[in-house]
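The values are calculated or read from the model by the stated rules, or taken from the named source; none is laboratory data. In this text the structure is predicted, and so the values were computed from the model without any measurement. Note that we place each Cβ from the backbone using ideal geometry, even for glycine, and neighbour counts take in every protein chain shown. Remember, those area values only see protein heavy atoms, side chains included, never the ligands or the DNA or RNA. Shrake-Rupley method; radii C 1.70, N 1.55, O 1.52, S 1.80 Å.
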Amino acid sequence: MFITNHWYAVEFGHNIAGEPVPARVHGHDLVLWRSPDGTVNAQSDLCVHRGGSLAGGVVVGNCVQCPYHGWRYGPDGACVEIPANRAGSPIPKKARVDTYPCVERYGFVWVFLGDLPPDQRPPMPELDGLEEHTEVKAAGYRAVTGDFTWDANYDRVLENAVDIAHTPFVHSGSFGNADEPEIKDFDLQEQRQDGHLVSVTATVDLEPPRPSGLWRFISKKERPPVSTTTGFYPPNVSMLIVRLPMGEIRIFTAAVPRDEDTTVSKFCMLRTFFTGGWADKNSIQRTIKIFREDKPSVEGQRPELLPFDLSAELHVKSDSIQLAYRRWRKEQLDKGWSLEARPEDETRRSAAVIPSPGRAADPELTNAWVFPTVSEAMAGRTPTTVTEAAPVTEAAGRQAPSEPQP
């Protein structure tokens, strides 16, 4: 189950350079590409001609070009050139791909996956402490980024990221203390904007483990509790702040749902100590070490998908943040903002897309789409063809141009 009509962080901006970049979200392939003015575009990675992958093509001027037959699509998704057509031939209205609102901020590329008009969309997440810049920036911090892949559903991955009580056990070999697992009472901070939940955070004091390795020589013998803040920004970003005696660590992680069973965590780790580039590699390694400690537990959870009923699993007070996430998730499902995963045999036989705002914005384009939306496909709609087969002229030995579609 995928929640639609929200801004998803799907990729790092620095990964979008001169060539198109693929991005898979819940089994749907997107193509991300950068216009000459630096703007990042997000579109369905399905050429409407023969289903070619635009991500395998090239950026030509202000267009992305399909590698199969060279069709070019502009930032609005409309095809502007069909090389095989005779000069002056009109381009069918149905020669267009779904285009999704896209913003580059906090180092991430955010894509609005849904068809709501601008005035009805939930606000973009505002990541505490980060500058609204196209790069990962925060005054006094050194930032690194990286990826980690899980064989698990993104709901489970995100919940694990905000789970406080697992730290003493799962991370006892790094920063958790199994000898003192009690989680003291904490207050939940929920922020809403225009009726939409925009963040949930909580701060607790955790007992630190005994230092090991190099840390034995630079850490004090008496170590105070570590103030730790964790939380999430709907729909798919989690946050962890660890306040150590030597400084602060902040980790923002986008849990990108590749499909129902695969999630890629794209993390930004920032630190106020050891701010030279020489420590970057170690910072990335330490962050990935945390994910590796989590991996067996997260991938071993059953059922693999979150149950719809809040009472289907037992909850205690230390689960307050996860429960807040599940309540938010239920709110979205109750609004009808969800897409089910299509059966594998259907996805192999026919294509379907997440609906984009362009489908509802212009009434004249209501039927100007080749591929159905996921909901339409699940309801059994059969997509119409772009053109009828054109006859081959004997003199030229090539297809005569077909009539443009309305």
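A few notes on this one:
- Cα-centre dipole for the chain with unit charges at Cβ (Lys and Arg positive, Asp and Glu negative), debye to 20: 920
- Computed [θ] at 222 nm, deg cm²/dmol, the chain (DSSP H ≥ 4; -39,500 (n - 2.57); rounded to nearest 500): -4500 deg cm²/dmol
- Relative frequency of Cα-Cα separations exceeding 15 Å in the range 233-308, percent: 65
- Modelled label positions at ASN282 and ARG50, each set 7 Å beyond Cα in the direction of Cβ, lie 5.4 nm from each other.
- Rounded to the nearest whole angstrom, the semi-axes of the ellipsoid equivalent to the chain, taken from the Cα gyration tensor as √(5λ), stand at 46, 23, 17, largest first.
- Long-range HN-HN contacts of LEU244 with modeled amide H, under 5 Å: ILE249
- Fraction of accessible area attributable to carbon and sulfur, the chain (%, probe 1.4 Å): 50
- Per-q log10 I(q)/I(0), the range 266-365, q = 0.12, 0.15, 0.24 Å⁻¹ (Debye; single scatterer per alpha-carbon; no solvent): -0.81, -1.02, -1.27
- Computed with a 1.4 Å probe over protein heavy atoms only, the accessible surface of the chain comes to 49 Å² per residue.
- Of the peptides 238-247, 42-51, the ranking by mean beta-carbon count within 10 Å, highest at the top, reads 42-51, 238-247.
- Within straight-line reach of LYS317, meaning a Cα separation under 18 Å, sit the following lysines at least 8 residues removed in sequence or on another chain: LYS184.
- Spin-label model distance (nm) - ASN62 vs ALA379, 7 Å beyond Cα toward Cβ: 3.5
- Cysteine residues of the chain whose C-beta has no other cysteine C-beta under 4.7 angstrom: CYS63, CYS79, CYS102, CYS268.
- Take the chain and mark each of the GluC sites (Glu not before Pro) that is in a DSSP loop with at most 10 other Cβ atoms within 10 Å; the longest unmarked stretch, sites excluded, is 1-181.
- Legend: Rg and Dmax of the range 24-115, from Cα coordinates, 13.2, 45 Å.
- Summing Lys and Arg as +1 and Asp and Glu as -1 over all other residues whose Cβ lies under 12 Å from the Cβ of GLY300 gives a net charge of -1.
- Evaluating 6.51 cos²θ - 1.76 cosθ + 1.60 at θ = phi - 60° for every residue in the range 240-245, the Karplus couplings come out as 9, 10, 10, 9, 8, x Hz, glycine and proline recorded as x.
- FRET efficiency for the pair ARG359 and GLU299, taken as 1/(1 + (r/R0)^6) with r the Cβ-Cβ distance and R0 = 35 Å, rounds to 0.45.
- Along the range 297-304 the Karplus relation, 6.51 cos²θ - 1.76 cosθ + 1.60 evaluated at θ = phi - 60°, assigns HN-Hα couplings of 5, 5, 6, x, 5, 9, x, 5 Hz to successive residues, with x for each Gly and Pro.
- The C-alpha atoms of the chain define a longest principal axis, and helix 320-335 lies at about 20 degrees to it.
- Label-point separation, GLN189 to VAL80 (7 Å along Cα→Cβ), nm: 4.6
- Most positive-pole-ward Cα, PRO122, ALA84, VAL109, against dipole of the range 73-140 from beta carbon charges: ALA84
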